[in-house]
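Engineer: Structure incoming, see below.
The values are calculated or read from the model by the stated rules, or taken from the named source; none is laboratory data. Note that the structure is predicted; figures quoted are calculated from it, not measured. Methodologically, a virtual Cβ is constructed for each residue, glycine included, from the backbone with ideal geometry; neighbour enumeration extends over all protein chains shown. Side chains are part of the model used for accessible areas, which takes the heavy atoms of the whole protein and leaves out ligands, DNA and RNA. Shrake-Rupley method; radii C 1.70, N 1.55, O 1.52, S 1.80 Å.
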Amino acid sequence: MAAQLRRAVIGDEPILRALRLQALAEAPEAFGSTYERELARTTLDWQRWMAPGVTFILNAPGGAGGLVAGQHDAADPAVVHLMALWVHPELRGSGAADELVAAVLAWAWVEGASTVRLEVMQANGRARRLYERAGFRVTDRAPERDHGGRVEVSMECLVSAAG
Ligand SMILES: CC(C)(COP(=O)(O)OP(=O)(O)OC[C@H]1O[C@@H](n2cnc3c(N)ncnc32)[C@H](O)[C@@H]1OP(=O)(O)O)[C@@H](O)C(=O)NCCC(=O)NCCS
């Protein structure tokens, strides 16, 4: 059985927490957050990932194997932020990551947004290549932030009905 996506719902907080901690433990260099910060999140924090934001979970034969989150920009209703993308190493190269990204793009469209924005570590060539394949391009919009020597770049994708 191939991996399938589903939208996280109330009750999924422990699964989100476990996935996010797994992501931070496995690929700490890919994220601006830290394992300790995610560990400290409350049930309410995880619920905010599901509403007003959205989180998609990758269901694989061995259990939950990936996630991605989308959040509305606090100031601009035309912008949605894509965050926290992670796919279990055993599921990489399977197309699952493309499906997770496409799910956020489709959600952004339904929500009336015109742009999906994300931050990715400049050195994360694999993620950058994936995002480029999905239609994202590096912009100079956001000032590059520095996470202890790791520099982020901002990427954007215009959303459309075609996805
Ligand atoms: C980023 C991630 C979700 C991508 O999923 P994936 O299944 O590995 O991606 P894919 O294999 O479908 O695509 C990656 C692309 O990068 C290429 N690639 C692989 N390693 C690479 C590298 N070191 N540098 C540049 N490109 C690389 C692949 O060839 C592929 O490109 P192609 O389709 O043109 O051949 C996954 O690797 C992951 O979870 N990484 C750790 C967490 C992370 O980095 N999250 C992103 C935070 S912004």
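Engineer: PRE reach from THR139 (point 7 Å along Cα→Cβ): which of segment 99-123 fall under 14 Å by backbone N?
Structural biologist: Residues 113-120 qualify, since their backbone N sits under 14 Å from the label point.
Engineer: Give me the net charge of ARG17's neighbourhood, meaning all other residues with Cβ under 10 Å from the Cβ of ARG17; Lys, Arg count +1, Asp, Glu -1.
Structural biologist: -2
Engineer: Further, regarding this structure: Kindly report the accessible area of segment 1-152 per residue (heavy atoms of protein chains, probe 1.4 Å, no ligands, DNA or RNA), in Å².
Structural biologist: 52
Engineer: Long-range amide H contacts for HIS81: which residues qualify at under 5 Å (H placed 1.01 Å from N, peptide plane, sequence gap of 5 or more or a different chain)?
Structural biologist: GLN71, HIS72, ASP73, ARG117
Engineer: For GLN122, put the label point 7 Å out on the Cα→Cβ axis and report which residues of segment 69-94 keep their amide N under 15 Å from it.
Structural biologist: none
Engineer: What list of whole percents do you get for P(r) of segment 4-158, with Cα-Cα distances grouped in 5 Å bins up to the one holding the largest distance?
Structural biologist: Reading the bins upward from 0: 2, 9, 19, 23, 23, 17, 6, 1, 0.
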